[in-house]
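First comes the structure, then the notes that go with it.
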Amino acid sequence: MEKKSIDWANLGFGYMETDYRFVSDYKNGGWDEGALIQDPKVVINECAGVLQYAQTVFEGMKAYTTQDGRIVTFRPDLNGERMENSARRLEMPVYPKEAFVKAVVKTIRANEAYVPPYGSGATLYVRPYMFGSNAVIGVKPADEYQFRVFTTPVGPYFKGGVKPLTIRVSDFDRAAPNGTGHIKAGLNYAMSLHAIVDAHKQGYDENMYLDAATRTKVEETGGANFLFVTKDGKVVTPKSDSILPSITRRSLMQVARDYLGLCAEEREVYAKELADFAECGLCGTAAVISPVGKIVDHGKEICLPSGMDKMGPVTQKLYDTLTGIQMGTIKAPEGWIVEV
């Protein structure tokens, strides 16, 4: 298929309408087969459950053109599993992960002309999401739902290269113990908006949230998990029941162990340890790893030895290896790459 005439090298990280999106409706206790449609507009009742009580969950993933010209996506089964868990927590019907993967592949294939070419630095972002669609005025789950998948070509998350971030330890809480921090629900992101706007006003790139119960342990940012490297080269990521189980983070931890031969552990990370780490990064779908150069804890500056000029050496190896797997230049573990 001939590619669209797009200036791939200068794409930003934003929305561009593509030709097709997948839509499936849940009514009378079951999902229909779903279909690809061309209309990007969502038409729902003014009293729809999603508008009144934020009953919505979503996922974020990407499709890539590999070095040998194949179009692939990365570990969609894990996104499907995570959406199943998110739906259960918000009393929404589960859209089965097998159907989820098929819908994602079908939508990418239908928009193949928008998948950026290899080496352009751009990718096709894929957004599956689900919401309560019928009128709900009492506080209760909706009876009808819609599952959709749309795509949009995006450029690198950081234009002009990755520069280490300056983040702050936030006074805001992201998620409560036994709350919804472990699922990918829109309501979690709405609650983080004030905190990130405030951080930007204060000159910081992101927030570091601590656990709400004791405010002693590192959790995550508004949209990414933390990954630390100790001074002796061990990779560490925070363990908590109230953070989102990032697919990128889980993949990076396996890359650390199996590809780089590093010790990698998931454990509780205390704020008092921050000054002892050599490197820090934020990991997620959009940027893979965003390096952190400085953490500010209520006026106290913690400058990571890796510095403010570039990624630390271990973080760079993790980034290069995972992106190499995604782009087909490094052999992937079985099941990680799904060809479209």
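The values are calculated or read from the model by the stated rules, or taken from the named source; none is laboratory data. Only a predicted model underlies this, so the values are computations on that prediction, with no experimental measurement involved. FYI the Cβ positions are ideal-geometry reconstructions off the backbone, even for glycines, and counts take in every protein chain you see. Note: accessible area is taken over every heavy atom of the protein model, side chains too, but ligands, DNA and RNA are not part of it. Shrake-Rupley method; radii C 1.70, N 1.55, O 1.52, S 1.80 Å.
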So which trypsin sites (Lys or Arg not before Pro) in region 9-57 are both in a DSSP loop and have at most 15 other Cβ atoms within 10 Å of their Cβ? K41
Quick check: from the Cα gyration tensor, does region 136-189 come out rounded (a/c under 1.5), prolate or oblate? oblate
At M308 and S5, where each label point lies 7 Å from the Cα along Cα→Cβ, what is the point-to-point distance in nanometres? 4.4
Among L210, L165, L187, whose mean-square fluctuation peaks in a Gaussian network model of the chain (Cα, cutoff 10 Å)? L187
Cα gyration tensor of region 249-327, axes a ≥ b ≥ c as square roots of the eigenvalues: rounded (a/c below 1.5), prolate (a/b > b/c) or oblate? prolate
Per 5 Å bin, what is the whole-percent P(r) computed from every C-alpha pair distance within region 38-151? 2, 12, 21, 18, 17, 13, 8, 5, 3, 1, 0
For a quick size check, give me the Cα extents of the chain along its three principal axes, largest first, whole Å. 55, 51, 36
As a quick test, which of the pairs K97/K163; K27/K184; K4/K317; K106/K163 have an alpha carbon distance above 29 angstrom in this structure? K97/K163; K4/K317; K106/K163
Rank Y125, Y15, Y319 by accessible area, highest first, at a 1.4 Å probe radius? Y15, Y319, Y125
F13-K331 pseudo-label distance in nm [points 7 Å out on the Cα-to-Cβ vector]: 3.3
With springs only between Cα atoms under 10 Å, which of E98, E84, E219 fluctuates most in a Gaussian network model of the chain? E98
Leaving out ligands and nucleic acids, and using a 1.4 Å probe, what accessible area per residue does the chain come to in Å²? 46
Ranked from the most accessible area to the least, with a 1.4 Å probe and all protein chains present, what is the order of M327, M130? M327, M130
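Can you give the direction-averaged projected area of the convex hull of the alpha-carbon atoms in region 103-178, in nm²?
Mean orientational projected area (region 103-178, Cα hull): 9.8 nm².
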Put +1 on the Cβ of each Lys and Arg and -1 on the Cβ of each Asp and Glu in region 38-149; which of G132, V115, V94 then has its Cα farthest toward the positive end of the dipole? V115
Accessible area (Å², 1.4 Å probe, nearest 10) - K140: 120
Amide H of L262 versus every other amide H placed in the peptide plane: which residues, excluding those fewer than 5 positions away on the same chain, fall under 5 Å? R257
Accessible-area composition of region 1-152, carbon plus sulfur, in percent [1.4 Å probe]: 48
Let me check I've understood the local charge: for K201, count other residues with C-beta under 15 angstrom from its C-beta, Lys and Arg +1, Asp and Glu -1. What total comes out? -3
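Quick one: grab the alpha carbon gyration tensor of region 134-224, order the square roots of its eigenvalues as a ≥ b ≥ c, and give me rounded if a/c is under 1.5, else prolate or oblate depending on whether a/b is larger than b/c.
Verdict is oblate for region 134-224.
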With all protein chains modelled, accessible area of F277 [1.4 Å, Å²]: 10
Give the span of region 181-222's Cα atoms along each principal axis, as three whole-Å numbers ordered largest to smallest. 26, 26, 12
